[in-house]
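Participant: My structure is below; once you've seen it, I'll send some questions.
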Amino acid sequence: MGTGKEQAELWGPGARDWADYNEPMCTPFYQAVLDACEVGAGTRLLDVGCGGGFALLLAALRGATVSGFDATASLAEIARERVPDAQVAIGDLEDPLPYDTDAFDVVTAFNSVQYAEDPVGVVANMGQVIRPGGLISLLVWGPPEQCESGVMFAELGPLLPPGPPAAPAAIAWSEDGQLEHLAELAGLRPLMVRDVPNPLIYPDLATAVRTQLSSGPARAAIQYSGLPAVRGALTRAFAGSRKPDGSYRQENVFRYLIARA
């Protein structure tokens, strides 16, 4: 048992806002990974840490047979609503996955592995359920200097409870060589690493703050420092992102790895 229960408690309260507002903004990096893995008709795909299932929806629209796995029951329920034919299970990402050893052609993890206490174990578990020759993809935030949204984590940092040096972090495994090293530690063979631009765009400040208040890191900060302090921190984080039309936009790069078991 890993950090699944803790993460579920953080992501559960804002599940609907996260699924409705944040996940669709991530379409560029979802599509980039699905393209790189050649997901199409007949592909058996598992998304580990599937959240509200937007990546599952995009894969299903390509003709894939999709399954999802997440620690947060309320997010998993949204995934089932989005993709009624998907098989969505609930559990801890750090436990062995409840699937056969050759159940999938592609296994993905979008911004989920870094929240685990044992990310190497999570990735190794992914490798246990894929067919020989299948593809595994891990996606994380890109290097901090290429992510304008990093200002959110900088503002939230002082409001979070103190944790051990190895505690899970939202931005992790993003420096050059780190994803490849993670894959190798988990027994995988890295094939390529690519960066994909994916700005986060909000119609107004209220939507920007509401969306990010639903994230796990923000919920942890709310528990420790209170909602007013966190709302103020996010308002400051977006102050420099306002565009002439009143929208808010933060340019970001996300980094993904493709590997074989």
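Participant: Ratio of alpha-carbon Rg to the 2.2 N^0.38 Å globular estimate for the stretch 91-201, to two decimals, please. It would help to have the intermediate numbers written out before the result.
Facilitator: Values: Rg = 15.2 Å, N = 111, 2.2 N^0.38 = 13.2 Å.
Against the empirical 2.2 N^0.38 Å value, I get 1.15 for the stretch 91-201.
Participant: Something else: The stretch 162-261: percent of C-alpha pairs farther apart than 19 Å? Spell out each step's value before the answer.
Facilitator: Working: 2907 of 4950 pairs.
Tail of P(r) above 19 Å: 59 percent of Cα pairs.
Participant: Quote the relative contact order of the chain in percent (integer), defining contacts as alpha-carbon pairs under 8 Å separated by 6+ residues.
Facilitator: Values: 562 pairs, mean separation 59.7, N = 261.
Worked out over the chain, it gives 23 percent.
Participant: On to the next question. What per residue convex hull volume, in Å³, comes out for the stretch 1-93 when only alpha-carbon positions are used? Don't skip to the answer; put the middle values down first.
Facilitator: Details: hull volume 7.9 nm³, N = 93.
So the per-residue hull volume is 85 Å³.
Participant: Would you mind calculating the gained length between ARG260 and LEU185 on full extension (0.36 nm times residue separation, minus the Cα-Cα distance), in nm to one decimal?
Facilitator: 25.7 nm
Participant: What number comes out for the charge environment of LEU159, summing +1 per Lys or Arg and -1 per Asp or Glu over other residues with Cβ under 13 Å away? It would help to have the intermediate numbers written out before the result.
Facilitator: Details: positive: ARG219, ARG231, ARG236; negative: GLU155.
That sum, taken over residues with Cβ under 13 Å, equals +2.
Participant: Still on this structure: What part of the accessible area of the stretch 58-104, given as a whole %, is carbon or sulfur when the probe is 1.4 angstrom? Provide the component values of the computation, followed by the final result.
Facilitator: Values: 1100 of 2170 Å².
Reported share for carbon and sulfur atoms: 51 percent.
Participant: Send over a whole-number figure in Å² for the accessible area per residue of the stretch 1-92, probe 1.4 Å. Numbers along the way, then the final one.
Facilitator: Working: 3590 Å² over 92 residues.
The answer is 39 Å² per residue.
Participant: Then there's this: Give, in whole angstrom and from largest to smallest, the semi-axes √(5λ) of the equivalent ellipsoid of the chain, with λ running over the eigenvalues of the Cα gyration tensor. Walk me through the numbers before you get to the answer.
Facilitator: Values: eigenvalues 161, 74, 67 Å².
Semi-axes, largest first: 28, 19, 18 Å.
Participant: Now for a separate question. Given 0.36 nm per residue, what is the gain on full extension from GLU175 to ILE90 after removing their alpha carbon distance, in nm?
Facilitator: Working: separation 85, 0.36 × 85 = 30.60 nm, distance 3.05 nm.
That works out to 27.5 nm of additional length.
Participant: Using a 1.4 Å probe on the protein heavy atoms, what percent of the accessible area of the stretch 114-203 belongs to carbon and sulfur?
Facilitator: Values: 2390 of 4160 Å².
In the stretch 114-203, the share of accessible area belonging to carbon and sulfur is 57 percent.
Participant: Here is a follow-up. Considering only the other residues whose Cβ falls under 10 Å of the Cβ of PHE54, what net charge follows from Lys and Arg at +1 and Asp and Glu at -1?
Facilitator: Working: positive: ARG82; negative: ASP20, GLU23, ASP47.
Surrounding charge for PHE54 is -2.
Participant: Follow-up. For the stretch 98-202, what does the accessible surface come to per residue with a 1.4 Å probe? Please give it in Å².
Facilitator: Numbers: 4670 Å² over 105 residues.
Value returned for the stretch 98-202: 44 Å² of accessible area per residue.
The values are calculated or read from the model by the stated rules, or taken from the named source; none is laboratory data. Because the structure is predicted, anything quoted here is derived from the model rather than measured. Don't worry about glycine lacking a Cβ; one is built from the backbone with ideal geometry, like all the others, and counts go over all protein chains shown. Surface accessibility is based on the protein's heavy atoms, side chains included, excluding ligands, DNA and RNA. Shrake-Rupley method; radii C 1.70, N 1.55, O 1.52, S 1.80 Å.
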